[in-house]
Amino acid sequence: MSIKSILKSTVAALALVTGGALFAQGAPINAAAYDALVAQGPVADAATIASSTWASKIKKAGTLRFGGVQTSNLFSLLNEKDGKIRGFDAGLAQLITRYILGDAAKYQFTQVTSSTREQVLINNQVDMVFATYSITPARAEKISFAGPYYTSQSGVLVKANNKMVQSYNDLAGKKVATQAGSTGPAILAQYAPKAVVQEFQTHQEALDALRQGRVDAYVTDYTLLLNALSLGASNARLAGAPFGAQDPYGVGLPKGSDGVAFINAFLKKLEADGTWAKLWTVSIGQRTGSTAVPTPPAIP
């Protein structure tokens, strides 16, 4: 969906408190367990690399250029103390880097937003985009997607004391934040056509608008909202169950790239050897109190 920007919150984000206090940060990721898991990832042999023009180009360059975010607590968060990015998306990106180059640290990171993800691929600024990136027909006209590697739906976040909104059915006439360039505007047009929609450029700006009372609710990817709650949003709550179509997250690649087949085979390998489940557990499950590992989505 958006840069989920999933679940995409800032290091200072969320505890919707009155009086404008900063959002409280929740429990950090188990960095040692995460780093050990990435360091144990598989490494492709020469024949596997040679079978893909996309992978061969990266191997020759010695660096994998990927677009992502640094503010998503569960998916891709920068640790300012050690300078490392960790999370579910970040872990998969680093595991792909290790698979191709033999070293998970040999990547060049480019910050992207919901509005710039396609353009950095079109402009050849990055080799791939890993940013809770929803696969949509409109986006697939401009770029190619590997995956999906994860699925979510939409959700509604409100202040804990808001009793008027219990689900998306209560959004008519309400001021509702969502992210520009995400699937949020289309979801609201379909499920809450009478809502007064306000689009923001980033996840954090939308959260701030809700905290400050400038909007009544925030609709975005459900996983992003779980991310916000994982950061300690004691004065916020999810209104109702997830809704809307399944939102598949994919890996953005240049249009027509044979990297699609390469990454799909890699993702299937991670699912088969248990790495996907272990990464989900350390990045998301342990952070949200979820013990049931979800079934990965089917990969074409």
What number, in percent, do you get for the relative contact order of the range 172-300 if the mean sequence gap of Cα pairs under 8 Å and at least 6 apart is divided by its residue count? 19 percent
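Under the Kirkwood approximation applied to all pairs of distinct alpha-carbon atoms, what is the hydrodynamic radius of the range 107-219 in Å?
Numbers: mean 1/r = 0.0647 Å⁻¹.
Computed over the range 107-219, the radius equals 15.4 Å.
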Among 84-95, 50-61, how do they line up by average Cβ neighbours within 10 Å per residue, starting with the highest? 84-95, 50-61
Largest-first semi-axes in Å of the equivalent ellipsoid built from the Cα gyration tensor of the range 159-300 are 31, 19, 13
Sorted from largest down, give the three principal axis spans of the alpha carbons of the chain, whole angstrom values. 60, 40, 31
Could you please report the charge total around residue 142, scoring K, R as +1 and D, E as -1 over all other residues with beta-carbon less than 15 angstrom from its beta-carbon? +1
By a straight-distance test (C-alpha under 17 Å), which lysines pair with residue 174 as possible cross-link partners, with residues fewer than eight away in the same chain excluded? 159, 163, 194
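How big is the Kirkwood radius of the range 60-127, worked out from every pair of different alpha carbons and given in Å to one decimal? Could you put the intermediate results ahead of the total?
Details: mean 1/r = 0.0813 Å⁻¹.
Across the range 60-127, the inverse of the average 1/r is 12.3 Å.
Heavy-atom accessible area per residue, the chain, 1.4 Å probe: how many Å²? All intermediate terms of the calculation are to be shown ahead of the outcome.
Working: 12010 Å² over 300 residues.
On a per-residue basis, 40 Å².
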At residue 214 and residue 138, where each label point lies 7 Å from the Cα along Cα→Cβ, what is the point-to-point distance in nanometres? 2.3 nm
Rg (Å, one decimal) plus Dmax (Å, integer) for the alpha carbons of the range 114-168? 16.1, 48
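Would you mind telling me the share, in percent, of accessible area of the chain contributed by carbon and sulfur at probe 1.4 angstrom? Walk me through the intermediate numbers first.
On the way: 6440 of 12010 Å².
Summing carbon and sulfur atoms, their accessible area is 54 percent of the total for the chain.
Give the dimensionless ratio obtained when the Cα radius of gyration of the range 200-280 is divided by 2.2 N^0.38 Å. The partial results should precede the final answer.
Details: Rg = 17.3 Å, N = 81, 2.2 N^0.38 = 11.7 Å.
Cα-based Rg divided by the globular estimate yields 1.48.
Ranking request for peptides 264-276, 122-134: highest mean number of other beta-carbon atoms within 10 Å first, then the rest in descending order. Working shown, then result.
Working: 264-276: 17.2, 122-134: 22.9.
Order by mean packing, descending: 122-134, 264-276.
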Per residue of the chain, what 222 nm ellipticity follows from adding -39500 (n - 2.57) for every DSSP H run with n ≥ 4, rounded to the nearest 500? -8500 deg cm²/dmol
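The values are calculated or read from the model by the stated rules, or taken from the named source; none is laboratory data. Please read all numbers here as calculations on a predicted model, not as lab measurements. Cβ atoms come from the backbone with ideal geometry, glycine included; neighbour counts cover every protein chain shown. Surface accessibility is based on the protein's heavy atoms, side chains included, excluding ligands, DNA and RNA. Shrake-Rupley method; radii C 1.70, N 1.55, O 1.52, S 1.80 Å.
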